[in-house]
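Accompanying notes for the structure given below.
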Amino acid sequence: MRNPRLLALAAGPLLCALVAFMDTPAGLTIAGQRSLAVLALCVTWWVFTPVGLPVTSIMGLALLPLMGAMDAADAFSLFGNQAVFFVIGVFLVAAVMMETGLSARLSLMGLRRFAKDENRLCNGVLLVSWALCAVVVSHAVAALMLPIVLELIRSLNLGPRSRTARRLLLSMAWGTVAGSNLTLLSSARATLSLELYGGFLADRGADPDPIGFLEYSMGALPVSIASVFMAAIVLRWMFPPEGLELRPAVQQLDQRVSDMGPMSGREWTTLAVIATMILCVVLFGSDYGLGTVALFFSAILFTLQTLQWEDAERYVNWGVALMYGGAIAIGSALHSSGATSWLITAVMPSSDINPWAALGVAAVATAGMTELVSNSAVIAVVMPVLLPVAEHVSLDPRVFAWSAPISAGLAFMLPTSTPALAMVFGTGYLRIKHTLPGVLITIFSLSVFLVMARWLWPLVGLPVTP
Amino acid sequence: MSDIRILLAVSTSRYSRALVDLAMSEAEKLAASGTKQVAIDVLYILEGEDLLHISHRAGDQGFLGLSTTADVISTLAAEHHRMALLRIDEVKAAAATKGTPVSVMEVEGRFVESVLEQAGKVHYETILITRADRPFVSRILFGSEADRVARMVKKEGLGHVIIDDED
């Protein structure tokens, strides 16, 4: 295996051809078989990434009509759905927060409050990184916090083997990972999950019964809090304080806050627009669609000139729209052709499976997968499969709208899991042995989710089993 | 110009204080065994390829724009440089106590290729490298760059390699 990239690149089309040209199994439609063939290619490429994630989506989107899995008009209409535009809005919010300096100001002011002793400073980095994810997409928070944390490390003159340096960096990374489960603005994967869930119901002619911004956040918040709480405990246990004199760090923070001066009119405008946008997403998101509200306020940001188009080009990788649009189209083709339902029945002939065991296994498998694969790709791969599994084992599919993105956001261990962990590994301060205890956070967070779904959700009118 | 040279190869992801001490004692041993002067060349490798991977991850998986990704990479590069200076100072301080002359080279590139290139330019009596701290399974599956350097150096007859695990 001298060139794994080439191997993965070749394996995708080969698997696709294998599935497409084998005898059509009983119960599977031709369109379903072709959809599974496209999925085989996309899963291989999304998991092993011989090409960028958006490129795989483009290929999948093109293959759907080419292979007769879906009409071109249907495939391309799915590309322009609400979820894609909401995700664009999410990234534009992050762009304006970074461009105006508002996110940096909020994090510096938050950190200044915590800079009393080593423990509080590290916990402050954890909490500020986590809380900022409520509004700014978590990867952008990591990119914003990295230079701030490194400045603190420099001001304290910490070396590469310093426990405090490692704790500060890991606090930032774990804070953003835990924070990625806070709201629909924290990551794009939750929006993709909700869209695939809505599409699954629509294909079955059921009322899509959309899950709103607030409803999703209320379901995810306890898990996110559990993650950040456990992260604080694990970090304190792994990296006990070194008894450092914090004055240089405090001076550094004071200097940075002072350099920023008072809040500018542009920052106030940004704050007002984003606050109004969140309020409108909560109040009107279900009626008008999340994408509509996000687009409207993005347009307002441009109109008020708090954001320039050049900023949007600099801060956002527009491949995000291609990635999510393609994933949604592929998910829809799989559901509408009955391919995934056939697959689930073929793999799990008996439906006499404990739904809680099914939910637990799915959550653990998703969390495991996300340590190795991008969390967006994980959702694109697992959601089309999990939704029919839910039906098969008499579980409300709604539960996977939460469990899949939450589990896919519990990547606390490997540098391959999230950009935040890749960044802190890239500093050279951390090794795998420092992040492996992150599995404790994953286990605790998943346990909290399962307990919540099993005992608390029925109390608020969301029974997961009939 | 010294007669006997030792190469101490370190990088962003490969450094061990024990290896520095080992380099000093190796220099002392060689100096004691003959009349020739012994010097240490420190090759500090800034592994730029790692930054490229992070750039891809932030851009292709995190969907951060070019400007944000570039900021992250320049921040990391600056930190790598600071780390290099700290470590080089540590080596210089250790060498000063033993009276061993030290010269430092900072290069950007891949670990294996950079070490082999330097070992091909100058004859080294001993080449000291650190094995990166990775899980055993990962080493079995994907191999070890330190072991690769040792194999290649032996094959090319470029010197004697000592490998130490990262501390």
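The values are calculated or read from the model by the stated rules, or taken from the named source; none is laboratory data. Quick caveat: nothing in here was measured; it's all calculated off a predicted structure. Methodologically, a virtual Cβ is constructed for each residue, glycine included, from the backbone with ideal geometry; neighbour enumeration extends over all protein chains shown. Each accessible area value is taken on the protein alone, full model and side chains, heavy atoms only, with ligands, DNA and RNA left out. Shrake-Rupley method; radii C 1.70, N 1.55, O 1.52, S 1.80 Å.
Observations on the structure shown:
- Counting only residues that are at pLDDT below 80 and at negative phi, the stretch A:204-217 holds 5 of them.
- Only one of the numbered conditions (1) modelled with pLDDT of 90 or more; (2) crowded, with 19+ Cβ neighbours inside 10 Å; (3) over 20 Å from A:Leu7 (Cβ atoms); (4) of a type in the set (A, V, I, L, M, F, W, C) is violated by A:Cys42, and that is (3).
- One residue stands out in the stretch A:117-135 among those that are outside any helix (DSSP H, G or I) and touching a Gly at 6+ places or on another chain (Cβ under 9 Å): the one that is most open to solvent (accessible area, probe 1.4 Å), namely A:Ala134.
- The residues of the stretch A:276-317 that are open to solvent by 50 Å² or more (accessible area, probe 1.4 Å) and within 14 Å of another protein chain (Cβ to nearest Cβ), listed by number, are A:Gln308, A:Trp309, A:Glu310, A:Glu313, A:Arg314.
- B:Val122 away from chain A (no Cβ under 14 Å), surrounded by fewer than 16 Cβ atoms within 10 Å (Cβ to Cβ) and closer than 23 Å to B:Ala31 by Cβ: yes
- Selection of the stretch A:144-160 for residues being facing chain B (nearest Cβ under 8 Å) and open to solvent by 10 Å² or more (accessible area, probe 1.4 Å) yields A:Pro147, A:Arg154, A:Gly159, A:Pro160.
- Looking at B:Val10, B:Val104, just one residue is under 15 Å from the mean Cα position of the chain (by Cα), part of a strand (DSSP E or B), closer than 20 Å to A:Leu158 by Cβ and more than 10 Å from chain A (Cβ to nearest Cβ), and that residue is B:Val10.
- A Cβ distance below 7 Å, combined with a sequence gap of six or more or placement on separate chains, defines the contacts here; from the stretch A:123-142, residues that are in contact (Cβ under 8 Å) with a residue 40 or more places away in the chain reach no residue that is open to solvent by 30 Å² or more (accessible area, probe 1.4 Å) and of a type in the set (Ser, Thr, Tyr).
- Residue within the stretch A:253-263 that is modelled with pLDDT of 90 or more, among the hydrophobic types (A, V, I, L, M, F, W, C), open to solvent by 50 Å² or more (accessible area, probe 1.4 Å) and within 29 Å of A:Arg189 (Cβ to Cβ) present: no
- Subset of the stretch B:23-64 that is among the β-branched types (Val, Ile, Thr) and in contact with a helix residue (DSSP H, G or I) (Cβ under 8 Å, 6 or more places away or on another chain) - its residue that is surrounded by the most Cβ atoms within 10 Å (Cβ to Cβ): B:Ile40
Residue-by-condition table, conditions (1) over 12 Å from A:Val177 (Cα atoms); (2) more than 10 Å from chain B (Cβ to nearest Cβ):
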site	(1), (2)
A:Ala390	yes, yes
A:Val399	yes, yes
A:Pro419	no, no
A:Tyr429	yes, no
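- If the condition is being open to solvent by 40 Å² or more (accessible area, probe 1.4 Å), assigned to a helix (DSSP H, G or I) and among the β-branched types (Val, Ile, Thr), then the stretch A:48-62 contributes A:Val55, A:Ile58.
- The lone exception for A:Leu322 - which of (1) in a helix (DSSP H, G or I); (2) of a type in the set (A, V, I, L, M); (3) open to solvent by less than 20 Å² (accessible area, probe 1.4 Å); (4) within 14 Å of chain B (Cβ to nearest Cβ) it fails: (3)
- Single match in B:Ile88, B:Ile127, B:Ile73 (criterion: away from every other protein chain (no Cβ under 13 Å) and of a type in the set (Val, Ile, Thr)): B:Ile127
- The condition of being open to solvent by 10 Å² or more (accessible area, probe 1.4 Å), of a type in the set (A, V, I, L, M) and in a helix (DSSP H, G or I) holds for only one of A:Leu456, A:Leu462, A:Leu387, that being A:Leu456.
- Filtered residues of the stretch B:139-167 (kept if surrounded by fewer than 16 Cβ atoms within 10 Å (Cβ to Cβ), away from every other protein chain (no Cβ under 14 Å), in contact (Cβ under 8 Å) with a residue 24 or more places away in the chain and out of contact with any Asp or Glu (no Cβ under 8 Å at 6 or more places or on another chain)): B:Glu156
- Out of A:Val439, A:Val378, A:Val373, sole residue that is at pLDDT below 85 and within 14 Å of chain B (Cβ to nearest Cβ): A:Val373
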